[in-house]
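Visitor: Can you keep this structure in mind? I'll have questions shortly.
Laboratory data are not the source of any read-out in this text; all were calculated from the coordinates shown. Note that the structure is predicted; figures quoted are calculated from it, not measured. All Cβ positions, even for glycine, are placed from backbone atoms using ideal geometry, and neighbour counts span all protein chains on display.
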Amino acid sequence: MRAITANRLTDGHVVYRRADGIWTPSLIEAERFGDEKAAEPALNAALRDILTVVAPYLIELDGEQPGGRKHVREAIRLKGPTTGTSLLYAGER
Amino acid sequence: MYRYDEIDRSIVTERVEEFREQVGARLSGALSEDQFKPLRLMNGVYLQLHAYMLRVAIPYGTLDARQMRVLAHIARHYDKGYGHFTTRQNIQYNWPALVDIPEILEQLADVEMHAIQTSGNCIRNTTTDPFAGAAQDEVEDPRPWCELIRQWSTFHPEFTFLPRKFKIAVTGSDADRAAIGVHDIGLKLVKNEAGETGFEVHAGGGQGRTPRVAVKLRDFLPKGELLAYLTAIMRVYNLAGQRDNIYKARIKILVETMGAQAFTAEVEAMYRQLRGRDLAVPAEEAARITSFFPEPSPVDRPEGVSDAPGFARWRAINVKPHKVPGRAIVVISLKPRAGSPGDATAEQMDAVAFLAERYADGEIRVTKEQNLVIPHAVAAHLPAIYEGLREAGLSTANAGLASDIVTCPGLDYCSLANARSIPVAQALSAALIDRGLDEDTQDLTIKISGCINACGHHHIANIGLLGVDKKGDEVYQLTLGGVADNGAAIGKILGPGLTPDEAVEAVAACVGVFRRERGDGETFTHTLARIGFEPFKEAVYGQ
């Protein structure tokens, strides 16, 4: 599965795109896509949303969590810095 | 400290207003992100993983109590209550909102600070010895020359769009606490046979993907010729540096491609054209700038003593000798056990400002080791300074020990990083301290970078860790033998990559080998040269 993420223009915070085009900090609320092709129309719409977000892109999902090769990076974007926590924190799927 | 004149003040204030308009244009849609990005970067504003990051320049790592209080205020009101002091002697805020940044810059401008040239392919903030003007071993205070370079390089039209970013470091002592060997240009103040002071000039050093130690271009350059010679180096680089490949665009690649001899010849030829013209430093201007950096007055009082718990150890480890009687250099470690290296809360910044003002002359330094320094402390007040630091959670007695670990922000914050560095440093710090491995490790350096850009300076660490992405997992390469100071050297990879937990154990094992094997008075480098890599390999990887 895939979802669309970006950083909010005003404060840079991590957001995900819902099916109605609204941006949310909750990955659970994000619209899911079966593959890149299915996500293309929504991603193109997100790229035009320049007054709300910066640099939208697709991420891979593994169930409810970020997956794929960038799973550590996207887990940190979702949950915040892991400083002061277990070294394995962000790597846990 | 240097104080702005009317020109400094107006260019910084005008820049704030210009950026305020640019932010407004981006928020209204008049500027696209592609148009806005280079503009925000020119004002130190990056977009990182979770938020915007604002990098504020601290010129040659020197600030005063008034400025530190404003940094604390920004951390408290516009961020999450803390800031991160960097290996480039600057400060970064990890969470400012874009809409607030013009206001932040305005408050910085009020105390003669800014974020100009903290990004982009320009001449960045010049760095220097954090003990400048206080060190017993220095030939001359390098700060006036850093200030001259700051004035010359700020908005220099010829050097605003270089092939890549450009970093200059200056040291006033042979010990080289500025790591001039790994900068694009490294300057060392030296005396010639006639007893005149000038610069030994190095160029072509750097870390990152292709680490190189700088080559020496000149044994001696008269001080008044500094800007002519710097211009000559910059002009050769600007004309011949490779612009079509970001990985080959730094001056170190140009020096290597041309060869040190040919590069030096080109620079010298350019210098001959430039010397004696408008770029000669007027003696009166040099004297004017130097007058802002007076030597602190001696203090005719005995050093303070205390039987407070921890004072004697802190005094022995974190306090360094000062060139002026009655004063001392106090290093404030920002590396508590399992802490985030280089982070300081707003309250801690305020505490340091208070102590510097109350018990010294108000001056504060930032080190490339991500610590703070009160350079001109009154030695009679050391017990009071210690007590104030203890109350602020800043009395960790580990300056220069193994647990004084340097890290970049890594994958917890940085959009370029491939792996985390702060959590590794935190686990390692706890392991070293809890196991007693930190004891007697003065000048053993451990540095961690979360990607090949090497902001954590792992290449020049005695023991370095580089985080890489291996098929989606964080893996760390362990290097040994790097040296940052006099006789700079690049570390060599010890063996196969390690998981985060393995990396912590591996570094602890290497510290253990060093403590076990070192001879009297040996540094890590000496021991490594004598016993070789094998004992370390065996400790990390087994037979």
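Visitor: Any idea which residue in the stretch B:10-67 is farthest from the other protein chains (Cβ to nearest Cβ), counting only those that are among the small types (Gly, Ala, Ser) and assigned to a loop (DSSP other than H, G, I, E, B)?
Guide: Ranking the candidates gives B:Gly44 first.
Visitor: Going residue by residue through the stretch B:49-66, is there one that turns out to be of a type in the set (Asp, Glu), crowded, with 17+ Cβ neighbours inside 10 Å and free of Cβ contacts under 8 Å to residues at least 60 places away in the same chain?
Guide: no
Visitor: OK, next. Looking at (1) in contact with a helix residue (DSSP H, G or I) (Cβ under 6 Å, 6 or more places away or on another chain); (2) in a helix (DSSP H, G or I), which is the only condition B:Leu478 fails?
Guide: Against the list (1) in contact with a helix residue (DSSP H, G or I) (Cβ under 6 Å, 6 or more places away or on another chain); (2) in a helix (DSSP H, G or I), B:Leu478 comes up short only on (2).
Visitor: Failed condition for B:Lys471, given (1) in contact with a helix residue (DSSP H, G or I) (Cβ under 6 Å, 6 or more places away or on another chain); (2) on the phi > 0 side of the Ramachandran plot; (3) within 14 Å of chain A (Cβ to nearest Cβ), with all others met?
Guide: (1)
Visitor: Which residues, counting only those in the stretch B:202-213, are closer than 16 Å to B:Thr127 by Cβ and surrounded by 24 or more Cβ atoms within 10 Å (Cβ to Cβ)?
Guide: Across the stretch B:202-213, the qualifying residues are B:Ala203, B:Gly205, B:Gly206, B:Gln207.
Visitor: From the residues in the stretch A:22-52 that are part of a strand (DSSP E or B) and touching a residue at least 12 places away in the same chain (Cβ under 8 Å), which one is nearest to the other protein chains (Cβ to nearest Cβ)?
Guide: Among those that are part of a strand (DSSP E or B) and touching a residue at least 12 places away in the same chain (Cβ under 8 Å), it is A:Trp23.
Visitor: Next up: Report yes if some residue within the stretch B:396-404 is at the interface with chain A (Cβ under 9 Å from one of its Cβ atoms), out of contact with any Asp or Glu (no Cβ under 7 Å at 6 or more places or on another chain) and buried (at least 24 other Cβ atoms within 10 Å of the Cβ); otherwise report no.
Guide: no
Visitor: Considering A:Arg32, A:Arg8, A:Arg48, A:Arg18, which residue is in contact with an Asp or Glu (Cβ under 8 Å, 6 or more places away or on another chain) and among the charged types (D, E, K, R)?
Guide: A:Arg18
Visitor: Follow-up question, since we're still on this one. From the set of residues in the stretch B:146-195 that are within 14 Å of the chain's Cα centre (by Cα) and among the β-branched types (Val, Ile, Thr), which is farthest from B:Pro59 (Cα to Cα)?
Guide: B:Val182
Visitor: Return the pair list, or none, for Cβ contacts closer than 7 Å from residues in the stretch B:412-438 that are closer than 18 Å to B:Ile463 by Cα to residues that are in a loop (DSSP other than H, G, I, E, B) and among the charged types (D, E, K, R), at least 6 apart or on different chains.
Guide: Close Cβ pairs (under 7 Å, with a partner that is in a loop (DSSP other than H, G, I, E, B) and among the charged types (D, E, K, R)) amount to B:Ser429/B:Lys335; B:Ser429/B:Arg337; B:Ala430/B:Arg337; B:Leu432/B:Asp438; B:Ile433/B:Arg337.
Visitor: Let me ask you something else. Determine whether the stretch B:72-90 contains at least one residue that is without any contact (Cβ under 8 Å) to a residue 60 or more places away in the chain, aliphatic (A, V, I, L, M), part of a helix (DSSP H, G or I) and buried (at least 22 other Cβ atoms within 10 Å of the Cβ).
Guide: yes
Visitor: Using the structure shown, decide if A:Ala19 is under 11 Å from the mean Cα position of the chain (by Cα), farther than 28 Å from B:Asp100 by Cβ and more than 12 Å from every other protein chain (Cβ to nearest Cβ).
Guide: no
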